[in-house]
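Throughout, read-outs are computed from the coordinates displayed, never taken from laboratory work. Just so you know, these numbers come straight off a predicted model, no measurement behind them. Please note: Cβ atoms are built from the backbone with ideal geometry, for glycine as well, and neighbour counts cover all protein chains shown.
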Amino acid sequence: MKQALLVATGCASFFLFAGCATPYQSTGFTGGYSQTQLAPDVFRVYFRGNGYTSGERAMDFAMLRAADTCLHHGFTCFAFLDERGSTSTSAFTTPGYAYTTGSAYAYGNSATYSGQTFYSPGHTVLIHKPRAGLMIRCFQTKPDAIFTFDAAFLEQSLTQKYHIQIERPRKKPASKSWGGE
């Protein structure tokens, strides 16, 4: 019984949120972020939105992920090495339909029929899904002559803009050595 209730609750929440823009989340069915570490201080960060996500939100969330990745790995700032944004477009067409209404009258040996057919064509809907990709290099301290983003400031700014919280795993405290004990 509990399993059926959990499945029903999960489906209800899926349909409840199906019409929302992609949240700041790891890549899933409705989109999200991913990152790949390419060198000790270089990362490729990617965000893919759904059909309700704006291009601005996709780029903001890619930048938020870049800031979060930078801070998570102990860096303070980062610079773009490459930036790409695109949109994939898909379409679907709803089926058309027709229906006929009519009436027939019979008077003696004669009959009359009056009818009318209505047709509603299908509609084509375009779905635009934005994507944003960044390749970043992270730094411990701000280098001279290179524009960098302050990761902590950017993270704070974007989390306030979208009213979200970033939960970072707590670092384990360093273990103390007691000299051979």
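Restricting everything to alpha-carbon atoms, can you work out Rg to Rh for the stretch 50-118 with a Kirkwood hydrodynamic radius?
Values: Rg = 30.9 Å, Rh = 18.6 Å.
Rounded to two decimals, Rg over Rh is 1.66.
How would C70, C20 line up from fewest to most surrounding beta-carbon atoms within 10 angstrom?
Exposure proxy ranking, most exposed first: C20, C70.
Determine, for I166, I146, the number of other Cβ atoms within 10 Å of each Cβ, and report the residues in order from fewest to most.
Ordered from fewest to most neighbouring Cβ atoms within 10 Å, I166, I146 come out as I146, I166.
Using R₀ = 35 Å, calculate the FRET efficiency as 1/(1 + (r/R₀)^6) where r is the Cβ-Cβ separation of S114 and T93; round to 0.05. Intermediate results must be reported in sequence, preceding the final value.
Values: r = 33 Å, r/R0 = 0.94.
Approximately 0.60, to the nearest 0.05.
Sort H128, H163 by Cβ crowding within 10 Å, fewest neighbours at the top.
Details: H128 15, H163 6.
If I rank by nearby Cβ atoms, fewest first, I get H163, H128.
Quick one: Kirkwood hydrodynamic radius for the stretch 75-164, alpha-carbon pairs, angstrom, one decimal?
Every distinct Cα pair counted, the radius reaches 19.7 Å.
So what's the projected area for the stretch 29-84, the Cα convex hull averaged over all directions, in nm²? Walk me through the numbers on the way to the answer.
Details: hull surface 16.4 nm².
Mean orientational projected area (the stretch 29-84, Cα hull): 4.1 nm².
Quick one: if the Förster radius is 22 Å, what FRET efficiency do A152 and R84 give, using the C-beta to C-beta distance and rounding to 0.05?
Once rounded, the FRET efficiency stands at 0.30.
Which whole-angstrom value gives the distance between the alpha carbon centres of the stretch 105-122 and the stretch 29-63?
59
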